[in-house]
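Some notes on the structure that comes next.
The values are calculated or read from the model by the stated rules, or taken from the named source; none is laboratory data. Being a predicted model, the structure only gives us computed values, none of them experimental. Cβ placement follows ideal geometry from the backbone for every residue including glycine, while neighbour counts extend to all protein chains displayed.
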Amino acid sequence: MNVKDRRIHLFLQIFFLLIGIYQLIRLVGFLQSSTGPVQLFEFQQNQLPFLSLAAGVIASLTSLISAFSLWTRTTWTYGFTLFTSGILFMYHLLNLAQAIRFNSFEIIPIVIVLIVLLQSFPYLLRRSYRSA
């Protein structure tokens with residue numbers, strides 16, 4: 001691995017760690033703002049809050065696992081991180097539509113995450129192909 005690849009690897013490791021922590025903080029905020037467990041299974045604003053909560057938990061756990069696997073440099077790291085990138089991309093893309101409608105302050109971090117994920121796809125594809 002050359003110096004450029006090491007820097008990208010370290011950046012992605014820190015990025016996925018920060019995204020995992022960010023997602024967990026958002027989930028805690030969502031749970032604190034919820035008025036009760038009964039409303040988790042009722043439709044609110046054309047979506048089911050329980051499914052959004054489950055998707056957020058899956059996105060945060062997979063990004064934390066990706067950060068740990070990038071740190072340990074296991075053989076399945078790049079394939080799993082590519083899978084996590086796809087999950088995070090779709091999750092944030094769907095949240096972007098909701099942020100545009102209701103909370104415009106969340107647009108900036110969501111767009112930053114989407115741009116970084118789009119930039120990391122070629123590196124992860126190349127590395128996962130080479131590690132297979």
Looking at the range 58-111, which of its residues are buried (at least 17 other Cβ atoms within 10 Å of the Cβ), more than 30 Å from Arg6 (Cβ to Cβ) and small (Gly, Ala, Ser)?
Ala99
Can you tell me how many residues in the range 22-53 are under 16 Å from Ile87 (Cα atoms) and at pLDDT 90 or above?
3
Evaluation of Asp5 against (1) in contact with a Phe, Trp or Tyr (Cβ under 9 Å, 6 or more places away or on another chain); (2) on the phi > 0 side of the Ramachandran plot; (3) of a type in the set (D, E, K, R) (one fails), failing number:
(2)
From the list Leu94, Leu88, Leu114, pick out the single residue that is closer than 29 Å to Gln44 by Cα, at pLDDT below 90 and part of a helix (DSSP H, G or I).
Leu94
Looking only at the range 49-63, decide whether some residue is closer than 23 Å to Gln119 by Cα and over 15 Å from the mean Cα position of the chain (by Cα).
no
Can you pull out every residue in the range 117-131 that is over 16 Å from Phe15 (Cα atoms), surrounded by 14 or more Cβ atoms within 10 Å (Cβ to Cβ) and not hydrophobic (A, V, I, L, M, F, W, C)?
Arg127, Ser128
Conditions (1) in contact (Cβ under 8 Å) with a residue 24 or more places away in the chain; (2) more than 16 Å from Leu18 (Cβ to Cβ): number failed by Tyr129:
(1)
